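J.: Quick one: structure below, then a few questions.
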Amino acid sequence: VNQIETAVTQQVDAIVISPIDEQAPLPAARTAKDAGIPVFTAGNRLADDELVVSEIGADYSEMGRLNAEYVAEQLGGSGVVATIHGIRGVTFTEDQIDGLTEVFKAHPDIEVVDGGYADGYSADVGLSQTENLLAANPGRIDAIMFDSDDLAVGGIKALRAQGVSPD
């Protein structure tokens, strides 16, 4: 929010933001729009589309669906899949969850174990979240889905430390 307000004060030509929270930057984005400065979002949306000229990003629900379809296929339609999510409320995370949930509902022989939100996207939080997940579900998990590559890197480290092949 402070960065947007500073950009408005400096009368920049445009502002590109990647908001973690869809609501928090709304007043600052409104100020930018009122000042005639176009606002673009990258990766994550704002709650008010009227404040944004354009969003730069992927269809994260489709990404979640594609990933879940791949995992379901690899498991032959049955097994236990754990999920580890990044930050609660972030479009990147929540839309992926929507997509994978849709796919797994169509596969009744796949049990989904929610590994929770890691409150970040780094390898360190992926490592600790995976360690917790594995400790809570010893020998049960056939696949783990992560919201981001960095979370997965930490997860792979946790698997290897327990002698489990990441394959």
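The values are calculated or read from the model by the stated rules, or taken from the named source; none is laboratory data. All figures in this text were calculated on a predicted structure; none of them were measured in a lab. Only protein heavy atoms, including side chains, enter the accessible area calculation; ligands, DNA and RNA are left aside. Shrake-Rupley method; radii C 1.70, N 1.55, O 1.52, S 1.80 Å.
J.: Run the accessible area of the chain with a 1.4 Å probe and give the carbon-and-sulfur part as a rounded percent. Could you put the intermediate results ahead of the total?
T.: Numbers: 4340 of 9090 Å².
Roughly 48 percent, rounded to a whole number.
J.: Calculate, in nm to one decimal, what Leu75 and Ala42 gain on full extension: separation in residues at 0.36 nm each, minus their alpha carbon distance. Intermediate values should be presented prior to the final figure.
T.: Working: separation 33, 0.36 × 33 = 11.88 nm, distance 3.38 nm.
Extra length from Leu75 to Ala42 when fully extended: 8.5 nm.
J.: Same structure again: How much accessible area per residue does region 45-167 have, counting only protein heavy atoms and a probe of 1.4 Å, in square angstrom?
T.: On the way: 6500 Å² over 123 residues.
Value for region 45-167: 53 Å² per residue.
J.: Quick one: check the C-alpha center-to-center distance for region 109-145 versus region 10-55, whole angstrom.
T.: Region 109-145 and region 10-55 have Cα centres separated by 34 Å.
J.: Over the heavy atoms of Ile144, what accessible area does a 1.4 Å probe trace out, to the nearest 10 Å²?
T.: 40 Å²
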